[in-house]
1. Please sort 176-184, 318-326 by packing, taking for each peptide the average over its residues of neighbouring beta carbons within 10 angstrom, highest first.
2. Distance check, please: which entries in Lys311/Lys333; Lys311/Lys475; Lys98/Lys126; Lys223/Lys311 exceed 24 angstrom between their Cα atoms?
3. Please name whichever of Leu481, Val450, Val439 sits farthest to the positive end of the charge dipole of the stretch 376-494, dipole taken about the Cα centre and charges placed at Cβ: Lys and Arg +1, Asp and Glu -1.
4. Order these peptides, 69-80, 472-483, by their mean beta-carbon neighbour count within 10 angstrom, highest first.
5. Peptides 164-171, 397-404, 428-435: what's the order by average Cβ count within 10 Å, highest mean first?
6. Set the Förster distance to 60 Å, then compute FRET efficiency between Thr453 and Ala129 from the Cβ-Cβ distance, nearest 0.05.
7. So if each residue of separation counts as 0.36 nm, and I subtract the Cα-Cα distance between Ser395 and Ser101, what length gain in nm does that give?
8. Can you list which of the trypsin sites (Lys or Arg not before Pro) found in the stretch 41-122 are DSSP loop residues with at most 12 other C-beta atoms within 10 Å?
Amino acid sequence: MVLLPVTAQDFLIRELSPQERLYYSLINKESYEIVSSFSRRAFRVEKVLWPYFDHNEIDEFRMIQYHTGTLISGSTALQFFDLTVYESSDLDLYVDTKHCSFLGEFLLRIGYQFQPFKHQKLGFHKALAETISGDRNERRIMRWMNGEFEERFEDYEGNGIATVFNFVRDGRTIQVVVAETCAMDVIFAFHSTCVMNIISHSHAYSLYPRATFIDRIASRNIKFRGLRTRHEAAREKYRQRGWELIDIPSASVALRRCPEFSDARCVGDSACWVIRLPSQTTYGPDPIRINSWSNSSHPWDNMLLLEHETKTDERLDFGYCISQFTDWQAITKIFDLLDELEGKNGDTSENDYIDKGWASWISFLINKAVKTTRDPAAEKIRVQLANIYENELPSFQERPDAEKLCFPVTSTASALLRHLVRIQNMFEGDLTYAFTFRVSEQTKHVWTNVKVTPPPVALENEEYSTCFRIIRILKAFRVGLMIDHLRVVTRYVAHEDPNFY
């Protein structure tokens, strides 16, 4: 086989989508080497950092990323994954309040000038001290009273952001977005999913890679439902760059083999696109993988809702976002055991934090907790649901009133799959499933109706109550569930809504 010059190979491989590159690399050994060689040259973090730092500064900056948990995100991280360049874009850095001083001092030391907003103190340290000491709502009220309102800055505040600092050098701007608790809390509040990509000190993570780089869609984040001009303009900017803005993907998207819109996710899981960044420095494990979240939807607007709680602990160097599927109490118990173990071994020091030293172990436990069950029974249910939503549901799109219908979304499919697996585990033997769809003429929602026929066995009171709770839970997702041998329960629920079955 005659190989093309490297420059010609790169030109051709660059035009392929990430999925097409993967398929091409699987053809044979030569194609694998071609794609691997291209990836090593193309996905270099230096390419997005060179406009802002020289070679030595990049090495120091990445070390500061490790010590402070600073993340690169926004358009810069998107350019890294998409192998493109957006002119006149800034470098957006996200760091929590606790570590902001260290990052700001580094930027000042290498020649960047602090450029305050109108209401901020002239010096960086004074502006940071004001942010740390004051109440954010009180500061906003005072700015309004003093006539210091700045629309451009006000659009940044809220959604986990404490303040924003601008640093300028040679016409280049670095924006340091300071998080109140943790950087991921801010990123989970971005206007849409296409910009939810992050670069840490050691890895680059795309949280919604298939939607962003293959389907070229971006799901709107409900946290910006009451849109300000800046957020709407940001969405329009990415629409012009080629992304289709949607509210929330269809149900079939949540039933893919590695669904990125499933109800349980964590940074670095199998649905993420993860790129390891080569470095001459050996870093520790990446604590960013401890963060997790849940994909859901608003019950009325059908917009994407990223659910999580922010957690902090004096033994942790950083704050974290934790989903409902992560048992934080169990993790803190692990912290207690690790504290005790380190104390016995004499390994503790004043500057050691558990989340840094044990990040790989904790992230493994979180990944395991949110991972969808892969047993054959669960996989069989997933395949059956996927076929139903992909093949039978589209017939409703041919109705004259199809534009007015509200079709099942990813949260519906995720909840249905999770609870059908629970029911499967309650019974011994095979269960049969019958699926139908029905439109509620009052609300125009398309309901998913499921009839489960288990083996004829008697249920314990606790199992009986569990089935009843599942029926009630799924009703909130517009799923009508009927389980044979529980006819009294299902008749009672069906009486509340004639479209339940």
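Laboratory data are not the source of any read-out in this text; all were calculated from the coordinates shown. In this text, all values refer to a predicted model and were calculated from it rather than measured experimentally. Virtual Cβ from ideal backbone geometry, glycine too; neighbours counted across all protein chains shown.
1. 176-184, 318-326
2. Lys311/Lys475
3. Farthest towards the positive pole: Val439.
4. Highest-to-lowest ranking by the protection proxy: 69-80, 472-483.
5. 164-171, 428-435, 397-404
6. It comes out at approximately 0.35.
7. In short, 100.0 nm is gained.
8. Lys118
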